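Working notes for the structure below.
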Amino acid sequence: MARRIDEELIRQILSQEDSDNEYSSGSEREDHLEADPAYETDEEDEVSNMNQQQIPGQDVQISGNSSPLQSVEGSIPSSSVLSSDLILQPPRTILRGKDKHKWSSQKSRSKSRIASRNIVHVRPGPIRSCKNELDPLQCFSFFMTNDMIDIIVTHTNAEIEMKSQKYKNIKATQRPTDADEIRALIGVLTLSAAMKDNNLPSRELFDVTFCGNRYRSTMSCDRFEFLINCLRFDDKSTRLVRKLADVFAPFRDLWNLFITKCRENYKPGSYLTIDEQLLGFRGRCPFRIYIPNKPNKYGIKIVMTVDNSTKYMIDAEPYLGSFTKTDGVPLGEYFVKKLTRTVHGTNRNITMDNWFTSVPLAKSLVKEPYKLTLVGTLRANKREIPVELQNERTRKTGTAMFCYDKELTLLSYKPKPQKVIFLLSSCDEEGAINDNTKKPTIVEFYNQTKGGVDTFDQMCSLASCSRKTRRWPLCMFYGMLNIAFINSYVIYVTNNVEANKKPLSRRDYLKALHHKLIESHIQKRLTIPTLQTGLRDSIRQILIIPGSSTSNAILETEENNAPNVPPIQKKRKICALCPSAKRRMTKTSCTKCNKSLCGEHKLDVCHKCFSL
């Protein structure tokens, strides 16, 4: 009981900032810009208008002859007595599709013991070294590791060296970078995601009148733009050779390291969702996709697997269009089997839309070595669907027809006039209608588990660090950071709930993560002898805020260790406010207009009064 309450609290915290925002990817028709196969309209949003719910990933065990779609307490709709008015019987006992696939209108009764796939016993959560970590920076470091930072530093410095040859005089803006500065750059992007400043131009982002002193205290605007332009993620000298074998080569190494960490740091629950995310991008890219029903329409499509209970991204693969090598396997089947490789043989359920679902895929997943169940919508033009289930004119609205093939259940449901949808389940269940909602239990289960990726995409869009760019590897880097923010926050919340501590909200978590990422770099900035006094004061205020690991003693030590630089000898000038006859000479001046002021006209005020 305590575990169920803990997981309910986790889901409430994960969705507390996103529940007030409406988001729906809607039905999609995808067309590749060059040689993409034709896609049909996705019918997943027309199954039902009911709100999506989340499936608890708690430890449960099912006994009897029920299926997992009907017996998970508190999450899956319970089956009820069959309603003869809503369930129609096919005209024949044996039905065949256009490809002669054989279906039966009667469910065969099995007298053997309950199948292992109908016993759900998986509880999601962090594993290995990240299981008990409570610090935001450490949770984020499980995904953005030191090895990944070193790769970015190495290839970025190589690009900086190439660009520095064009400059006659190398200034501080064009100097090579290091790991602390790259983390500080990620910290700036993290704060822009938390404050929703990612769409602001760089000049406004670093303008203290618009966005305060934090961006400017981390680095200058020119340095930020220079680093963003020089960010590289692979060896540029060998890129052309590697692109012949892999068009995704400019980002492949960093992406593989990141996805490996996502798979290793978390154990998913019993219900997973496979769908796509579109990263908005309008520049040149050989695998750019056009999806008219998406908010961004043009972009890079990423097919991903998400844990439906906690919205943790488990695995992902970019869709490369005609460059995708499937070795003769259908595209949807290729992505499903590849993205579920970490859960093969675990009897988990995968929910997907009609772009992935097929009868051959459902049959192959229930067998070794996959041992996975499938629930998803099915396109109406599939040759396995019998003609008797496609008749929509003579049927009443709200009626359903079922047919079976061993463990497969095919549903033909008419939610509204002139519309029939098809769902396929491999959970070895008998068709049933919920007496309360008057909808098939397969439809209700699908509606509850289909939104894992959509909710994840919504969370990415509401706190995104993505900025306008013409380079698709940089667009992928922004998308990778957005994924790391959410995955690390899921681990942070889970660990804090397990430790009976109240976790931060997602916005406060990103702000705390920003402070941890920039802390080491801004401490180094304090040692610069020519740093402006106002900027030095701003950095000190950031370092002394509550919760910072830096104390006044550290700042004093830093000042004592700073190199001794002789003070700059200012020239004496005439006071600008005194009458010319007095001709008072002074070395002080106004901090705003830089006019010379004598002791009579100089004012001593504190910082608070000066700001007023």
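Peptide packing: for 508-514, 449-455, 331-337, the average count of neighbouring Cβ atoms within 10 Å per residue gives the ranking 449-455, 508-514, 331-337, highest mean first. Backbone geometry of segment 393-403 corresponds, through the Karplus equation with coefficients 6.51, -1.76 and 1.60 at θ = phi - 60°, to 3J(HN,Hα) couplings of 6, 8, 9, 7, 5, x, 8, 9, 10, 10, 9 Hz, x marking Gly and Pro.
Add +1 for every Lys or Arg and -1 for every Asp or Glu among the other residues with Cβ under 10 Å from the Cβ of D85, and state the total. Once all neighbours under 10 Å are counted, the net charge is +2. Placing pseudo-labels 7 Å out from each Cα toward the beta carbon at F210 and A245 gives an inter-label distance of 4.5 nm. The stretch between R263 and E161 holds 33.2 nm of extra length on full extension. This uses 0.36 nm per residue minus the Cα-Cα distance. Amide H contacts for D315 (H built 1.01 Å from N in the peptide plane; partners 5 or more residues away or on another chain; cut-off under 5 Å): T305. Of all lysines in the structure, those lying under 26 Å Cα to Cα from K595, and not within fewer than 8 positions of it along the same chain, are K570, K571, K573, K582, K587, K608. Each residue of segment 204-216 was assigned a 3J(HN,Hα) from its phi angle through the Karplus curve 6.51 cos²θ - 1.76 cosθ + 1.60 (θ = phi - 60°); the sequence is 6, 4, 9, 8, 5, 6, 9, 10, x, 9, 5, 5, 5 Hz, with glycine and proline shown as x.
Among the trypsin sites (Lys or Arg not before Pro) in segment 117-205, those placed in a DSSP loop whose Cβ has at most 11 other Cβ atoms within 10 Å are K166, K168, K171.
Across the cross-link table entries K301/K468; K468/K524; K102/K363, which are compared at the Cα atoms, the separations over 23 Å belong to K468/K524.
Whole-Hz Karplus values for segment 441-453 come out as 5, 5, 5, 5, 5, 4, 5, 7, 10, 7, x, x, 6 Hz, taken residue by residue from phi with 6.51 cos²θ - 1.76 cosθ + 1.60 and θ = phi - 60°; glycine and proline positions read x. Peptide packing for 521-529, 234-242 was compared via the average number of neighbouring C-beta atoms within 10 Å per residue; ordered from the highest value, the list is 521-529, 234-242. Computed extension length for K524-F323: 67.8 nm, one decimal, from 0.36 nm per residue of separation with the Cα-Cα distance subtracted.
When restricted to Cα atoms, segment 333-453 yields an Rg and a Dmax of 14.3, 45 Å, respectively. Taking a threshold of 25 Å on the Cα-Cα distance, which of the pairs K337/K414; K382/K416; K297/K450; K98/K371; K338/K450 fall above it? Going by Cα-Cα distance, K337/K414; K98/K371 fall outside the 25 Å limit.
All of the numbers you see were taken from the coordinates with simple rules; none came from a lab. Bear in mind the structure is a predicted one, so any value in this text is a computation, not a measurement. Neighbour counts are summed over all protein chains in view; Cβ atoms, including those assigned to glycine, are modelled from backbone coordinates with ideal geometry.
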